[in-house]
Every structure is written in C-alpha cells, then in structure tokens.
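Notes follow once the structure below has been shown.
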Amino acid sequence: MISRRHFLRLSTVLAGSVAISTALGGCQSARPRGSLSAARFEHGVASGDPGVDSVLLWTRATPAAGEPALDLSWELAADSAFERVIRRGEVRADVGRDYTVKVDVRDLEPGAEYFYRFAARDSVTAVGRSKTLPAAGVQQVRLAVFSCSNYPAGHFHVYREGSRVADLDAFLHLGDYLYEYGAGGYATENAEQLGRSLPADNAGELYSLADYRKRYALYRTDPELQAMHAAAPCIAVWDDHEVANDAWRDGAENHSPGEGDFDERKLAALRAWYEWLPVRPPIAEGNEQIYRSFDFGDLLSLHMLDTRIIGRDRQLEYRDYVDSATGTMEQDRFRADLGNPGRTLLGPAQLAWLGERLAASPARWQVLGQQVVMAKMHLPADLLGVEDLAELPPLLAELAELKAALMRGWDIGPEQRARLQRVTPYNLDAWDGYPVEREKLYGLAQQLGKRLVVLAGDTHNAWYSRLHDRQGAEVGVELATASVSSPGMEKYLGVGDEEALQLAETMTLLIDELQYCNLHQRGFMLLTVTPSALETDWLFVDGIGAPDYRLARGHRVVLAS
C-alpha cells in the first residue's frame, strides 16, 4: 500500500487545495472585475467527481507577470447564459499548487445540469457544463469512456467526438491521461510533422514535480481535450503512465535506480495528477486512496478501482522463467508463482472495500471502472517463441484455421489438438498475471448475486468479452475502450487496416472469452444504460494524423438486464 508516511506527505501538500461553497454562504454579490488579479486562462475548465448534491469545479490561471498568488472569481448557474446564477464566490490560485484551483460546490439539486465559469480582471474562461448525480427514479444514464491519450502520437479527435455527445451524465477516464516519455521516446516519431512536439523545457522524460506539471500544462492546451472537459463532469483514475510505464507498488519497468528514488517520483506524479485533474484530493484518513463509488440512483453503481499503484505486486515476465542454458521454459516455477495465493493486484483493503460497496448497492447495474483487461486472454503457447513480430499474423492465422476445423468436428490429429490446448496468457501486466485475486473478485460477486460489467482501457484496442470463473460459470462482461491516440496492435505487428480486421477475427476465434475486438482504430465507448438494457457503442475516428477527420464505422453490443 501507499505508506502512511507517503500519504501524509501527499495530504499535507494538497491540504486546503479545494475551496468549499455551501448553500449557507448564499449567492454572494459579484466582486468588481477590476479588483481581481490580471491573469490568462490557457488550460480551459473542468468539473468532476459529481455527487448527488455536489460537483467539483476546476481551472488553471496563468499570471500576467509571475505573481505568486492570484485572486479569481467563479459563478455557477442553471443556464448557459448565466441569467440564473445560483452560486458565486472567490478563489485564490497560487504558485504552490501550480496556479490550479478547485471549488467544491455543495447543496445542489440532484440530477441537475449546471453551467460554470471563472474570471480574472481582464479575462473569462469558456463556459463549462456539469451535472450532479441523480437520486432516484433514473431511467437513463449516458457515460463516455476514454483511455490512453498520447499528445505527440496524434490529434485528440476522439475527445472532440466525445464532447459532441448529447445528454452526457459524465465521462470516465481510465488512465494514461498523459505519457511520461521524452522526445524520441514511445510514439513520438511523427510529432514534428503533426505539430505536436514536446517543448524544449519539457522534452525529456518526466521525473520531478516540475516535469509532470509542465506535461499536464501542454496536454491541457489542446482544444479538443478542453472541449471534452467543458462538456461533462469527469470521473478519473490513474494508470501507469501518469507515473512510469508498467508501474507497480514499489517500482516500474520505466524506472531504474540511476533515475532517483521511485517513491519520490511517484509522489511528484500523483501530486501533479491531483492538481491538474478535477478530482477531490485525499483530505482525511477515511479517503486515503483513489478508489471510490458513484451511485446513479438505483440504476447504476460505478466503482472506480486502482489496479496500478496502491496494491499491485510486481508483474511476472516470461523471460525470467527461461532457462539460460537450455532456452526452455521453467513451467512448474512459472505456474507456482502465477498461482501464488498471496499475489495481489488490488490489495486486500481495496478488495474488501469493493465487497462492501457491492453488498450495499441496490443498483441494477454494477460497473467496475478500472485500468487493465480482466478477461482471460489466453492464446496458444506456440506464440511465445516468436521473436520477430512480423511472424505472428501468419502463425495466428494458421492456429485459427486449426481451431475452426476443430469446431466443425474435423479430426485434426492429436499433435495439432495439443497445440490449441496449450494456452497461456499473453499479457501478464493485466488481470491474467493475477488469476488468484481475479477468482476472489469473481467469487465475491457471485456470493452477493451481482453480475459485473467491467470497463477497461490500457491496451489501446477495443475488446468485448464474457467473463467466466475457473469452473466456467459466467460472472459478467468486460467492455474495453480503444485509445484516444496511443498506437494499437496494428503498429506493433506492422499490419494495415485489412490485415488488422482479419487479425481481429482470428483473435476472437482463438480466445474463448473474446466476442469482439478492434485492433487498429482510435476511439471511445459510449454507454447508454436503462433499467432494461446496457447499450455499448464503440465509436472510432478514421485517423489522428491530420486536423481533419471523419467518424468511422463503429460497433454496438446490447446487454439485457
């Protein structure tokens, strides 16, 4: 777990970072604009962490002449023209919090739409739209789901499309809101021609608080991301790249001892995340962690989890189980480590909390918002021995033909049948690397009579799977979103669109739980939830390499309650 010492440090630096507005304060008289500080608003507005009677408002001010503190004003209204202002107040932005401000507006009406803005002496922000959670009698909830936005990799058209969805109750971001790599690193090869290069003062890898803050500032200048934040309240969790690639509790793949103390890097990264995202910071021992629930009346309970930083044990890697002398896989040792009953992804405290929340919720739909794929993504073990990724597509096609023949009842012989039966998880960073705890979670849901709807990001590809426990009983479904701009499997395997479509069919055939996948397009998910059904639309754009784009053909799945 994040140690008490580290939590207290984080809480201390974030203490007082949220201004609270209640109905007792009333609607104050507007302060004369001339008495406010001179500042610019270059990073848009945002709202987030909605409650039944509250919402958190956010902006960031840029001082005109480097002042250490800025006096700003804000307004919340029932209409976008601000003819019915119901709350207003003043807030201070200071250098200690990178001039970001948060206002927690309370005592609002449930299920109500609100509009907000901030002002300085000579500038006013764009108008943002927010919404409180509904209390009862809910007939529909609409949620957009995003993950993996890499600024140098391409335009954020996916956010633009999300901002155009009518009647959004909220949008979820499942992590990798930004990437820590420097220029010349992952997915930066086209940055210059796209006009999305990292600035000279932030072109290296991120290590310090100043580094992370500058990278957030760059991302938040993007007009398409600003449009998404202005359109609906955000419910966010972090994944690994907010800190470093393949992060776990005490380290990361992209962190070496020569890069300094990992705990210091992690605390700097999380502090910047709390400053720049519209999320309530940890302010008391009862709210130490990022996992939390949002209840949309008795229709849907959304449980946001942390599968990355808080409780995760270090990932297993296949290369650590290859005998250096013989080149063979040490199967018994690998199975023993994979099946270690003490191995954890969530940590015992978070798993216990989730059980309590599931037990207490009367909602028809139980939704888990989390980072990594939960389905059993097991592929034939033959694929592990492939060193040249270009050899994977034809091998996958060969195995798929064998599987299709077997499903038709043809005799493919014992040797070929054995090739199909020898399966292994392809991604040990996902839940497949923590199967014992996955079974604990499934057992918990079954014991409580809850059918799970699991949301995932992380892989940059779209997936739809049916989830089963070790005995084969179905426990729910998983809906995974494509990335905003990070490259998918088409990039790693070097395949074009048509070959990627064929590869998607192959993967669906070979992986038992997988029902649908898209391996080559950027996009997001739109969930429309009613008492009778949960409708999922995967929406894709036709490209992120130019300012102009169009919507591409999507996919829809409807789940009956």
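The values are calculated or read from the model by the stated rules, or taken from the named source; none is laboratory data. Because the structure is predicted, anything quoted here is derived from the model rather than measured. Methodologically, a virtual Cβ is constructed for each residue, glycine included, from the backbone with ideal geometry; neighbour enumeration extends over all protein chains shown. Just so you know, the surface numbers come from the protein's heavy atoms only, side chains and all, with ligands and any DNA or RNA stripped out. Shrake-Rupley method; radii C 1.70, N 1.55, O 1.52, S 1.80 Å.
Can you give the Rg and Dmax of the chain based on its C-alpha atoms, in angstrom?
23.9, 84
Within segment 391-435, list the residues whose amide N lies under 11 Å from a label point set 7 Å along Cα→Cβ of ASP382.
394-403, 415-422
Shape of segment 489-561 from its Cα gyration tensor (a ≥ b ≥ c, root eigenvalues): rounded if a/c is under 1.5, otherwise prolate when a/b > b/c, or oblate?
Oblate, since a/c reaches 1.5 and b/c is not below a/b.
At 1.4 Å probe size, with the rest of the protein present, what percent of the exposed accessible area of the chain is carbon and sulfur atoms?
Details: 10870 of 22040 Å².
Accessible surface attributable to carbon and sulfur in the chain totals 49 percent.
For ASP512, list long-range residues whose amide hydrogen, built 1.01 Å from N in the peptide plane, is under 5 Å from its own amide hydrogen.
HIS378
If you wrap a convex hull around the C-alpha atoms of segment 134-207 and split its volume per residue, what is the figure in Å³?
113
TRP365's amide H: which non-local residues (gap 5+, or another chain) put their own amide H closer than 5 Å, with H modeled 1.01 Å from N in plane and none for Pro or chain starts?
Long-range HN contacts for TRP365: LEU300, SER301.
Run the dipole for the chain about the Cα centre, Lys and Arg Cβ at +1, Asp and Glu Cβ at -1, nothing else charged, and hand back the magnitude in debye, nearest 20.
Here the size comes out at about 1800 debye.
What distance in nm lies between label points placed 7 Å from Cα along the C-beta direction at GLN515 and GLN140?
2.2
Multiply the residue separation of ASP250 and ALA418 by 0.36 nm, subtract the distance between their alpha-carbon atoms, and state the gained length in nm to one decimal.
Residue separation times 0.36 nm, minus the Cα-Cα distance, leaves 56.6 nm.
If you roll a 1.4 Å probe over the heavy atoms of the protein chains, what accessible area per residue do you get for the chain, in Å²?
Details: 22040 Å² over 561 residues.
That works out to 39 Å² per residue.
How long are the semi-axes of the ellipsoid equivalent to segment 36-147, from square roots of 5 times the Cα gyration tensor eigenvalues, in whole Å, largest first?
28, 15, 12
Using DSSP to call loops (not H, G, I, E or B), can you name the trypsin sites (Lys or Arg not before Pro) in segment 496-561 whose Cβ has at most 13 other Cβ atoms within 10 angstrom?
Answer by residue number: ARG550.
Where does each of 451-457, 331-337, 187-193 land if you order them by average Cβ count within 10 Å, highest first?
451-457, 187-193, 331-337
Work out how far the C-alpha atoms of segment 128-273 reach from end to end along every principal axis, then list the three figures in whole Å, largest first.
Largest first, segment 128-273 extends 56, 37, 21 Å along its Cα principal axes.
So what's the Cα pair-distance distribution over segment 389-544, bin width 5 Å, in %?
Binned Cα distances yield the sequence 2, 8, 14, 19, 18, 17, 12, 7, 3, 0.
Nearest 5 percent is fine: what portion of the DSSP beta bridges confined to the chain is antiparallel?
Just about 75 percent of them are antiparallel.
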